[in-house]
Amino acid sequence: MPKVLTILGTRPEIIKLSPLIPLLVERCNHVLVHSGQHYSYDVDAIFFQELNLPAPHHALGVGSASHGEQTARILARLEPILFSEQPDAVLVQGDTNTTLGGALCASKLGIPVVHLEAGGRSFNRAMPEEQNRIIVDHISALLLAADAIATTNLRNEGLPEASIATIGSTAIDAVLRNREHAQNSTILEQFELREQDYLLLTLHRAENTIPSVLPGMVEALNELAEAYTIVFPVHPRTDAALKQQGLTLSPKLCLSKPLGYLDTLRLIGSATAVLTDSGGLQEEAGVLQTPLLITRNETEWRYLVDAGSAVLIGNRKADMLAGAATWLAPAGLAQLRAHPAPVQAGAAEQAAEAILKLIARA
Ligand code: UD1
């Protein structure tokens, strides 16, 4: 039986791998490794519970550290596991330091790397995630691209056609599998929210939490909180940055700890609009047909902007306020709602088939 080793370590990896892991457990000898990049219950264990995932066979416990240190710990701690497990392929997802460490370690040992969500590009090389994506794509044997845009990016970088498969996005599969279940969430009641009467905000990207950017974003959000009910689950990185930079959020914002997947889906689905810099939330808003304002200057999920269900409003105070004025007005919201994003299911199934084919060929 073919042996596949999957390494994950952060919230988005757990969510986006959740539709694929059960298929691999069924069809091969599957080994799950957790890097420990995320370790707090709110951004880690809760997702294993909610998404019914098996416990990892190996835990690297790398924890928080600088990029170099975190990646180095993954390399050093994963290598002996790869030696002893001898997998036929190593599966990584996305663009985190866990993705990079896992792929690099396997590639150095000559083990074929499968990259789920290959070819996503923001074309902003300053982003740690962009560096991780590019490096991982160039050392992978199988590139599982989410859409035609990602596939074109891979071709433009000269990656071999035979290694690319356009399969769709497993984030979409995850939403479709869990959206009914999410209706049982009581998060709206807990926060005393009414359907279509609030905005959902998330904010955690490295480029948005630096001192040259975050203060302006906070001023814009505090101003928006005068006019809108805004629900803001605060990511640990953002929480730390707010404290370090001495920034105060308006008491009118409805703040919470990071939320579970089902509560988040319920909040996205019932919101007037989503404001976010998260990749996962962008796709989830697309599937749930909620107008999306992206607080960035570029996105890897350009299909949402091209479809017309999402807009980039930037991360500077004036741009954010101008974007909000346009797109949260009734005409703006109507325009976003009139252009739902395309939703293609079945990525996990196609990924499983492509991985088994790769191993059979080898
Ligand atoms: C990482 C990913 C990012 C992904 C995000 C989702 C990289 C380069 N970035 O960013 O692509 O969108 O995860 O959440 O891999 N912390 C905790 N508890 C935890 C984890 C982190 O308190 O369980 C705090 C620590 O103070 C840490 C900070 O959050 O220093 C940042 O964590 P880190 O894993 O470095 O990056 P994320 O911002 O979570």
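Let's see how each residue does on (1) away from the ligand (no atom under 16 Å from the Cβ); (2) of a type in the set (G, A, S); (3) under 21 Å from the mean Cα position of the chain (by Cα):
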{"position": "S169", "(1), (2), (3)": "no, yes, yes"}
{"position": "R177", "(1), (2), (3)": "yes, no, yes"}
{"position": "R194", "(1), (2), (3)": "yes, no, no"}
{"position": "Y198", "(1), (2), (3)": "yes, no, no"}
Of the residues that sit in region 98-119 and are open to solvent by less than 10 Å² (accessible area, probe 1.4 Å) and farther than 25 Å from T151 by Cβ, which one is farthest from the ligand (Cβ to nearest atom)? C105
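Within region 41-54, restricting attention to residues that are of a type in the set (D, E, K, R) and touching a Lys or Arg at 6+ places or on another chain (Cβ under 8 Å), which residue is nearest to the ligand (Cβ to nearest atom)? Spell out the reasoning first.
Looking only at region 41-54, we keep the residues that are of a type in the set (D, E, K, R), and these are 42, 44, 50.
Those still in the list that are touching a Lys or Arg at 6+ places or on another chain (Cβ under 8 Å) too: 42, 44.
Numbers: D42: 8, D44: 6 Å.
Across region 41-54, the extreme among qualifying residues is D44.
Okay, residues lined up against (1) among the β-branched types (V, I, T); (2) near the ligand (Cβ under 10 Å from one of its atoms):
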position: Y39; (1), (2): no, yes
position: P56; (1), (2): no, no
position: V62; (1), (2): yes, yes
position: H67; (1), (2): no, yes
position: T71; (1), (2): yes, yes
position: L75; (1), (2): no, no
position: F83; (1), (2): no, no
position: Q86; (1), (2): no, no
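Please give the helices (runs of 4 or more DSSP H) falling wholly within region 173-288 in which 1 or more residues are under 23 Å from R337 (Cβ atoms).
Details: elements: 187-190, 214-227, 236-244, 261-270, 279-287.
So the answer is 187-190, 214-227, 261-270, 279-287.
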Is there any pair linking a residue in region 42-56 that is in a loop (DSSP other than H, G, I, E, B) to one that is open to solvent by 50 Å² or more (accessible area, probe 1.4 Å) and within 11 Å of the ligand (Cβ to nearest atom), with Cβ under 9 Å and at least six apart or on different chains, and which? D44/R11
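Keeping to region 268-290, report how many residues are small (G, A, S) and open to solvent by 10 Å² or more (accessible area, probe 1.4 Å). Steps first, please.
So the first thing to find is which residues in region 268-290 are small (G, A, S), and the list is 269-271, 273, 278-280, 285-286.
Okay, now just the ones that are also open to solvent by 10 Å² or more (accessible area, probe 1.4 Å), so 269, 278-280.
Number of matching residues: 4.
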Region 123-136, residues that are in contact (Cβ under 8 Å) with a residue 24 or more places away in the chain and within 19 Å of T166 (Cβ to Cβ): R133, V136
Give me a count of the residues in region 234-256 that are within 16 Å of the ligand (Cβ to nearest atom), small (G, A, S) and surrounded by 15 or more Cβ atoms within 10 Å (Cβ to Cβ). 2
Looking at L91, L78, which is the one that is in contact (Cβ under 8 Å) with a residue 60 or more places away in the chain and in contact with a Cys (Cβ under 6 Å, 6 or more places away or on another chain)? L78
First in region 160-185 and without any contact (Cβ under 8 Å) to a residue 24 or more places away in the chain, second anywhere and among the charged types (D, E, K, R), Cβ under 9 Å, 6 or more apart: E161/R155; T166/D147
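The values are calculated or read from the model by the stated rules, or taken from the named source; none is laboratory data. Everything quoted here is computed from the prediction, not taken from an experiment. Note that each Cβ is placed from the backbone with ideal geometry, even for glycine, and that neighbours are counted across all protein chains shown. The area values use the complete protein model at the heavy-atom level, side chains included, leaving out ligands, DNA and RNA. Shrake-Rupley method; radii C 1.70, N 1.55, O 1.52, S 1.80 Å.
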